[in-house]
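Before any comments, here is the structure.
Any read-out appearing in this document is the output of simple, stated calculations on the displayed coordinates, not a laboratory observation. Keep in mind that what you see is a predicted model, and the values were worked out from it rather than measured. Backbone-built Cβ (ideal geometry, glycine too); neighbour counts: all protein chains shown.
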Amino acid sequence: MEKIGYIDKSKLALLSGLNSSSQLNDVELKYENRDIIEQRNDVVQPICAGVMMTKDNKILVVNKKAKATGEKSPEKGKSLLYIGGHLDIADRAEANFQTFSLGMRREIEEEMGFALTNENASLKSPIVLYTPLTEKSARHLGVIFPVIIERSFDTTFTDGKCKFVDINVLSEIDNFEAWSEIILKEIVEKMQSAYSQL
């Protein structure tokens, strides 16, 4: 049985939306069988993910297959600006953010076949998202890393479709899920602004 990471909610001061990443620095990460943790409302499961953007202002947009999302999943039928998943016990490292980074890298490689290295990718500080819109979403905490890569690549995605699109056409997509709406404001628009000032 797969063991996934979790954090006791009582150890965090979670707000709906964007949260301070500093509260994750020293919090204890625990691991337990996924089927047990998925039923608990007193913990959150960190979802470690990356927002993949290229230096020429393209971003990866993901659409999961219907069978890859549960009926109550907030991702069902929505467009996502991130790719990632649960922490695995194998991702454990000395520092929490290294653990989150390793989890994100592993998930991207498993789902897309693309290995993030120091040579082909630059990681920025993560944002932390919590959107308790449903019982299921209240059990998950997004640790989302902006990932800057040199150029887009031919994409494959085991759980659906994905493609790199120009950042300027994101406004034409109207079915983003909750985390992606925050990512649009907190990562994409800020990165665009930083690029335009270069």
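R0 = 45 Å: FRET efficiency of residue 22 with residue 169, Cβ-based, nearest 0.05? The computed FRET efficiency comes out at 0.85.
Note on residue 78: aspartates and glutamates with a C-alpha under 17 Å away, same-chain residues under 8 apart excluded, are 159, 172, 174, 177, 181.
Remark: spin-label model distance residue 42-residue 57 equals 5.0 nm, labels positioned 7 Å along the Cα→Cβ axis. Checking the table 30/136; 58/161; 11/64; 76/161; 58/190 against a 24 Å threshold on Cα-Cα, which pairs fail? Over 24 Å apart, Cα to Cα: 11/64. Compared with the alpha-carbon gap, the fully stretched path from residue 90 to residue 1 is longer by 30.7 nm at 0.36 nm per residue. Considering only 14, 116, 133, the Gaussian network model of the chain with Cα springs below 10 Å gives its largest mean-square fluctuation to 133. Taking each residue as 0.36 nm, the span from residue 10 to residue 76 lengthens on full extension beyond its C-alpha to C-alpha distance by 20.9 nm. The residue 133 and residue 98 beta-carbon pair, evaluated with R₀ = 25 Å, returns a calculated FRET efficiency of approximately 0.25.
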